[in-house]
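The values are calculated or read from the model by the stated rules, or taken from the named source; none is laboratory data. Given the structure is predicted, the values throughout are model-derived calculations rather than measurements. Using ideal geometry, Cβ is built from the backbone for each residue, glycine included, and neighbour counts are taken over all protein chains shown. Accessible surface is based on the protein model in full, side chains and every heavy atom, while ligands, DNA and RNA are left aside. Shrake-Rupley method; radii C 1.70, N 1.55, O 1.52, S 1.80 Å.
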Amino acid sequence: FQYLRRFDQGCDLDRFWYEAHSVEGSPAECLQLFLLHCGIVDPSWAELRNFTWFLNIQLRDCEQSVFCNPDFVQDTLRGF
């Protein structure tokens, strides 16, 4: 949710890191962003769960990868 929220606000995500246990927005805003970005017109709860699970895994792996670390790659992958 933290990534999607910042993405919708046009923020630079290259230097953003997930903040565990921090609370942002409301449950309604969270659901609205998931519905907007999941890519399915009328998703089931299972489809939303799968979308959030997959997105979470991808973003976690990205944060842990040295190749996605802006301090390591400098400006060679800006916006990637």
Using θ = phi - 60° and Karplus 6.51 cos²θ - 1.76 cosθ + 1.60, couplings along the stretch 20-33 (whole Hz; Gly, Pro as x)
4, 6, 8, 10, 10, x, 10, x, 5, 5, 4, 4, 4, 5
Count charges around HIS37 for me, please; just the other residues with Cβ under 15 Å from its Cβ, Lys/Arg as +1, Asp/Glu as -1.
-1
What is the local net charge at PHE1, summed over the other residues whose Cβ is closer than 13 Å to its Cβ (Lys, Arg +1; Asp, Glu -1)?
-2
Mean residue ellipticity at 222 nm from the helices of the chain, using -39,500 (n - 2.57) per DSSP H segment of n ≥ 4 over the full residue count, to the nearest 500 deg cm²/dmol?
-15500 deg cm²/dmol
Give the Rg/Rh ratio for the chain, taking Rg as the radius of gyration of the Cα atoms and Rh as the Kirkwood radius, to two decimals.
0.99
Could you order ARG5, ARG49 by accessible surface area, starting with the largest, using a probe radius of 1.4 Å?
ARG49, ARG5
Taking the simple approach of a point 7 Å from Cα along Cα-to-Cβ for both ASN56 and VAL41, what is their distance in nm?
2.9 nm
